[in-house]
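I have placed the structure first, in the form of structure tokens, so that the comments after it can refer back to it.
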Amino acid sequence: MRRDLFQPSAEGEARLLILIDAFTSPTKALEGRTKLAKLDFFLRNPAFLGRVMGVDTSPEPDIETGMIRYRYGPWDPAYFALIGSLVGRGLVEIVPLQRGLGYRTTARGHGVARTISSEPSWTDVDERAKVLRRSLDKSGATLKKLVYEHFPEVTEARWGDRL
């Protein structure tokens, strides 16, 4: 696997910030890395999101589709660097949960996410993040099962294969 294909980017940080913010409230955080990865998979791939929701989607290009097949399905090796950067800059906080860790935007992070979302180039990503919150706010394990049930092209890939 070429690691240079999975470098953290400003666009990756913006996408994750919007996603985490969509699942943040004063009492709620996005629960765990598995859930983050599966939601990000659908956020990056509008066609897959449409398939799992049972709706036709426009032939919209997928964004940053550079994920790999890993132990529990789609994964981006840049997650640790991206999340670390967001936490280090005070945009996201790590929240201890009963089972594991969650991610929640800070007040500053929420403001930055809203500013990014208001840019025309990010409105589609923001809308998809809201759809994910309304329709796929499930556990990471449930989302993993959803990917395994609906996307053989992902689950039949070998570990480390680029998706």
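A few notes on this one:
- When the convex hull of its Cα atoms is viewed from all sides, region 6-155 shows a mean projected area of 8.4 nm².
- Per-peptide average of other Cβ atoms within 10 Å, ordering 103-112, 29-38, 143-152 highest first: 29-38, 103-112, 143-152
Values quoted throughout were computed directly from the atomic coordinates according to the rules given, and no laboratory measurement underlies them. None of these values were measured; they are calculated from a predicted model. Glycine also receives a Cβ, built like all others from the backbone with ideal geometry; neighbour counts cover every protein chain displayed.
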